[in-house]
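To start, the structure itself, in structure tokens.
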Amino acid sequence: MATGTKLFGSSIKRREDPRFITGKGIYTDDVKLPGTTCAAFVRSPHAHARIKSVNVVKTKASPGVVAVFTGRDLANAKVGGLPCGWLLPGIKLPPHPALAVETVRYVGDAVAVVIAESAFAAKDAAEKVEIQYEVLPAVTDGLSAVQQGAPTLHSDAPGNICFTWSIGDKEKTESAFRGATIVKQHLVNQRLIPNAMEPRASLASYEPATGDLTLWVTSQNPHVHRLLMAAFVLGIPEHKMRVIAPDVGGGFGSKIFVYPEEVVVAWASRQLGRPVKWTAERRESYMTDAHGRDHITDAEMGFSKDGKIIGLRVKTHANLGAYLSTFAPLIPTYLYGTLLSGLYAIPAIYCEVVGVFTNTTPVDAYRGAGRPEATYLLERLMDLGARARKTDPAEIRRKNFIPADKFPYQTPVALAYDSGNYGPALDRALSMADYRKLRAEQERLRREGRYLGIGFSTYIEACGPAPSQVAGALGAQAGLWESAHVRVHPTGKVTIYTGSHSHGQGHETTFTQIGADELGIPWEDVELVHGDTAAIPFGMGSYGSRSTAVGGSAIVMSLNKIKEKGRKIAAHLLEAAEGDVVFEDGKYFVRGAPSRAKTFQEVALMAYLAHNMPPGLEPGLEATSFFDPPNFTFPFGTHIAVAEVDPETGQVKIVRYVAVDDVGRVVNPMIVDGMVHGGIAQGVAQALWESGVYDSSGQLLTGTMMDYALPKADQLPFFETDRTETPSPVNPLGVKGAGETGTIASTAAVANAVMDALAPLGVSHIDLPLTPDRIWRAIRDAKKGGRA
Amino acid sequence: MNRAISVTVNGKTHKHEVEPRLLLVHYLRDVLNLTGTHVGCDTSQCGACTIIMNDMAVKCCTVLAVQANGSKILTIEGLAKDGQLHPIQEGFWEEHGLQCGFCTPGMIMQALQMLQRNPKPTDAEIRRGLEGNLCRCTGYHNIVKAIQYAAKKMARK
Amino acid sequence: MKISGEHQLKAPVEKAWKALTDPAILQKITPGCERLQPVGPDEFEATLKLGVALVKGTYKGKLALREKTPPESYRLVMEGSGAPGFVKGEATLRLREQEGGTLVSYEGDAQVGGAIASVGQRLMEGVARMVLSQFFRNLEKELGRKKEGKS
Ligand code: FES
Ligand code: FES
């Protein structure tokens, strides 16, 4: 344990920042290789069509063109389809070719690629590809797609059903509902488009002389990219492929997956013996980055007379888009259904999910991934329950919290919560918000005809995935541990290699804080290497708020091995028994005799000089570890949003936002706060602005930053944050993960605040996003209804 | 077809023959290899490409390289002087105004103009001033604080 | 996307009708029309170059004049595609005498796909209006020029 040391828990400034604030960061598109060719993709403008012909004669003759490839060319070369990394019983896995061969299934589906000497030449030539389509009827929403007579996307998935999955006890839930007060709600959790500010990009370089292929790619998990691409798509030996993810400009999930473009670029580079580069234009990002959410749900919650939840029943249609993205089946199932107990004691839960194919961009993990959907559902129902029972929303939540003395707690939906104490976070948030005063203020404003609302979201998150055995049993096609290699150099300087990969989280700072603390050496003496499969042992990457909990713990394991070997060397040098030697503040000494000490640096030097080593001990000082935690971690907290709604315009203003999170122990509070801010902003944006919209023919109507409403600085308040700290028992650092909490909690908090504001007007629910137009209509309809 | 241009970037004059349709941002990134200026969109919304051109903050994804002929340009690479960070850069570092760093160069250049025009902005004025710059990571909270930090520091000088 | 409107021409109905059904003139007055080649009775292949933001590009397609009722009305059916996407639609043109000239009214429905669709309908409508207004201005000029030529 790293308790009591100086760097753990301190907000030191980030080590990566100097390069970013001076414009010296190196993102994928910044990597330049001589002789690089540029790729441009020709994409389907139709949501669903048969490809009748592809004519590339004029394209090939276009100036500067190096090569043109179609889906047929890839198929003939035996390039595999894009793999799906998570399987469910009975799941349908229709093929997903990198370039469409016979049928296109969403607007943006790639049909051909043009590779040319410059980006201009490639784009000019791409315009000359002539494709004849036979347009087929399209379907875009998850409910319509399963109706009789809906157009079928894949012949091997009848009715467009990819899977039907359930969790919980159906009978028990049915019987629990008898005699309960039931609140019901139809909920749409709309489609979101990730919008990492750095567009996806890839650059592949093949060296014919050695047969080595190097791929620079915007990836959250370079090893996963390499494994899936080498073994399942390109069929090349894994050791002949190197994947480098340099600085990554945000991911939010969207850079986990293997996409057609990097497959094509890598393959083409091998064909041509030249580097090939592709960088998405933003409109391509909108069409092809995996989208998030998109659930249509019917949910019912039963309450007993005294206000206890006695059952929850959920049926969800999850829109998966046109093909299965890399981890698509996981998101609306194990990351959603298993979270439906929230932090409440609910005796009976049953959840059924239908995964549906539609003529839309594939859907996969987006910040929170399944857990925001579960939280939104639960927290809306809690508020509806509170309203039906005329109870205070804070109190109905508190009443249903799993009591602190009931841990470990087994939920009816598979998860076993290891630790938790939910009351203090709620109390802290209430006092920060000055709840009583807020309610009084709300009353006062209402008398003036102003509508202020207070919204709660008390949430739990399962993150830090792991454990591998469980993941395997649930369908994962990979383990979910993390690796770390620690190399001590002869001078006592240290390099840490981690399989996690930062796309903004500041690992170079946090992980070296851990390293310097454990070894008692200056922070400057520790360096982090990440994002390069040639340098690092196989690793699983960064997603699901797992980097510190899993990756950081692997580092601690390796550091412990280093310290132990160092102790052997030190004991030998001090001519003492190993058991008598202690290590403190970077020094080995015999217990009680700190004046005669060997520094970590001296020991490191001896490990490499090896002139005077304990008998039988190998020279060198490095260690590799793989950490596979016994369980997920469970961050939780209470968020309170205060919003004012203008009933004349439907405009919402967030007045205040209070967030109290418990993410376990915190290595760098400044970094954690930053992630919480960003997470809240994304969740608020889902509540109020963002929505990926298709028209009925499958055209993406929100395909640019003009049409898709990303949050701007003047729409958001400052966030008031605080923490409680319940250390996680499942890893040596006691950390839980903080990358997604904000997003998971905030959508529901804001939605509840708006509904609370509109309560006196008779509005109880509006589907997201709560745009002025929707709010205004709901108010008008409620008035009409009231009159009738 | 190519046209000759001469542009002074970060104090250094460059002469090149460029295609008339080449955007200034691609000229900076691909011809001059100044990759600190980023491209985040294709509709002039994100502001990742903001630079200072003839004392004005502009989104250089909407300027053709030929239009920049004869102009004086400052990019993020030219902001620190003699290894000394500009107070705005310092503010972003001190206040954790960046995470992935992709929006950061544009944010900083935009802030530079904002503080030149309004050395003592309110928080609300800063937020409004960032109207044309998107950040997906920070929720803007610490960006506003970073610019306030810089404003205070610059006022002391 | 629905689009409708009207335009007052100085020329008499007969003359306007002739111009509006003559492929050579149509090609001349349609902004960006590089080619309009007859491939059958009242059927043409067209190449159109349009340049507005993301909509910019070369479109190739077919055009047909159907249900011709000289000199009153016809239905224009078109279909074209290019790098930014595709356009499909039809419009009915009606000609009526008014104030010694001709009132041309049109009413149509167009479907767009690909990038053109994703830039949003509000932009598309602006583009369509711009193209149409230029079309009629050109037509006016063309009719005027003819008149001068004759006299
Ligand atoms: S690149 Fe987005 S505004 Fe210039
Ligand atoms: S720091 Fe990532 S977009 Fe602003």
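The values are calculated or read from the model by the stated rules, or taken from the named source; none is laboratory data. Given the structure is predicted, the values throughout are model-derived calculations rather than measurements. Every residue, glycine as well, gets a Cβ built from its backbone with ideal geometry; the counts of neighbours run over all protein chains shown.
Scanning region A:450-475 for residues that are at pLDDT below 95 and surrounded by fewer than 20 Cβ atoms within 10 Å (Cβ to Cβ) turns up A:Pro467, A:Ser468, A:Gln469, A:Val470, A:Gly472, A:Ala473, A:Leu474, A:Gly475. Here is a check on your reading of the model: is B:Lys81 away from ligand 1 (no atom under 16 Å from the Cβ) and within 13 Å of chain A (Cβ to nearest Cβ)? In short, yes.
How about region B:11-35: which of its residues are of a type outside the set (A, V, I, L, M), more than 10 Å from chain A (Cβ to nearest Cβ) and surrounded by fewer than 23 Cβ atoms within 10 Å (Cβ to Cβ)?
Residues satisfying the conditions are B:Gly11, B:Lys12, B:Thr13, B:His14, B:Lys15, B:His16, B:Glu17, B:Pro20.
For the residues B:Val63, B:Val9, the requirement of being within 13 Å of ligand 1 (Cβ to nearest atom), farther than 17 Å from B:Ala111 by Cβ and touching a residue at least 24 places away in the same chain (Cβ under 8 Å) singles out B:Val63. When each of A:Gly321, A:Gly253, A:Gly311 is tested for being small (Gly, Ala, Ser) and within 14 Å of another protein chain (Cβ to nearest Cβ), the lone residue that passes is A:Gly253. Where helices (runs of 4 or more DSSP H) fall wholly inside region A:13-124, the ranges with 2 or more residues that are more than 14 Å from chain B (Cβ to nearest Cβ) and more than 27 Å from the chain's Cα centre (by Cα) are A:57-61, A:71-76. Within region B:132-157, being within 15 Å of B:Met109 (Cα to Cα) and facing chain A (nearest Cβ under 9 Å) holds for B:Gly132, B:Asn133, B:Leu134, B:Cys135, B:Ile143, B:Val144. Selection within region A:116-147: residues that are farther than 29 Å from A:Leu203 by Cβ and of a type in the set (S, T, N, Q). The member of this set that is modelled with the lowest pLDDT is A:Gln132. Residues that are out of contact with any helix residue (DSSP H, G or I) (no Cβ under 7 Å at 6 or more places or on another chain) and more than 9 Å from chain C (Cβ to nearest Cβ) within region A:679-707 comprise A:Ala681, A:Ala685, A:Trp689, A:Glu690, A:Ser691, A:Gly692, A:Val693, A:Tyr694, A:Ser696, listed in sequence order.
Note on region B:36-65: residues that are more than 16 Å from ligand 2 (Cβ to nearest atom) and facing chain A (nearest Cβ under 9 Å) total 3. Filtered by the rule that a residue be buried (at least 23 other Cβ atoms within 10 Å of the Cβ) and either among the β-branched types (Val, Ile, Thr) or away from ligand 1 (no atom under 14 Å from the Cβ) (or both), region B:116-142 gives B:Ile126, B:Cys137, B:Thr138, B:Gly139, B:Tyr140, B:His141, B:Asn142. Counting only residues that are within 20 Å of A:Met557 (Cα to Cα) and in a strand (DSSP E or B), region A:576-610 holds 6 of them. Of B:Gly91, B:Gly101, all but one fail to be at positive phi and at pLDDT 95 or above; the exception is B:Gly101.
Considered as a group, the residues in region A:269-281 that are out of contact with any Asp or Glu (no Cβ under 6 Å at 6 or more places or on another chain) and crowded, with 24+ Cβ neighbours inside 10 Å include one that is farthest from the other protein chains (Cβ to nearest Cβ), and that residue is A:Ser269.
Among the conditions (1) more than 12 Å from chain A (Cβ to nearest Cβ); (2) within 11 Å of ligand 1 (Cβ to nearest atom), the only one that B:Phe102 does not satisfy is (1).
Looking at B:Ala111, B:Ala80, B:Ala124, just one residue is within 16 Å of ligand 2 (Cβ to nearest atom), out of contact with any Lys or Arg (no Cβ under 8 Å at 6 or more places or on another chain), over 30 Å from C:Pro84 (Cα atoms) and without any contact (Cβ under 8 Å) to a residue 40 or more places away in the chain, and that residue is B:Ala111. Does B:Gln110 count as more than 19 Å from A:Asp247 (Cβ to Cβ), more than 7 Å from chain A (Cβ to nearest Cβ) and surrounded by fewer than 16 Cβ atoms within 10 Å (Cβ to Cβ)? No, not satisfied. For A:Glu284, the conditions (1) surrounded by fewer than 24 Cβ atoms within 10 Å (Cβ to Cβ); (2) not in a helix (DSSP H, G or I) all hold with the exception of (2). If you go through region C:62-73 and pick out every residue that is touching a Lys or Arg at 6+ places or on another chain (Cβ under 9 Å) and either under 22 Å from C:Thr47 (Cβ atoms) or charged (D, E, K, R) (or both), you end up with 6.
Only one of the listed residues (A:Arg191, A:Arg178, A:Arg226) is more than 24 Å from A:Arg293 (Cα to Cα), away from ligand 2 (no atom under 16 Å from the Cβ), under 25 Å from the mean Cα position of the chain (by Cα) and basic (Lys, Arg). That residue is A:Arg226.
Scan region A:294-334 for residues that are of a type outside the set (Gly, Ala, Ser) and assigned to a strand (DSSP E or B) and the total you get is 18. Selection within region A:476-508: residues that are surrounded by fewer than 24 Cβ atoms within 10 Å (Cβ to Cβ) and over 20 Å from A:Phe626 (Cβ atoms). The member of this set that is nearest to the other protein chains (Cβ to nearest Cβ) is A:Glu508. Restricting A:Ala322, A:Ala348, A:Ala328, A:Ala318 to those that are at pLDDT 95 or above and closer than 18 Å to A:Val107 by Cβ reduces the list to A:Ala322. Filtering region B:26-38 to residues that are within 11 Å of ligand 1 (Cβ to nearest atom) and in contact with a strand residue (DSSP E or B) (Cβ under 8 Å, 6 or more places away or on another chain) leaves B:Thr37, B:His38.
When you look at A:Leu339, is it crowded, with 23+ Cβ neighbours inside 10 Å and in contact (Cβ under 8 Å) with a residue 40 or more places away in the chain, yes or no? Full working, then the answer.
Values: crowded, with 23+ Cβ neighbours inside 10 Å: yes; in contact (Cβ under 8 Å) with a residue 40 or more places away in the chain: yes.
Answer is yes for this residue.
None of A:Val243, A:Val233, A:Val248, A:Val217 is buried (at least 24 other Cβ atoms within 10 Å of the Cβ) and out of contact with any Lys or Arg (no Cβ under 7 Å at 6 or more places or on another chain) except A:Val217.
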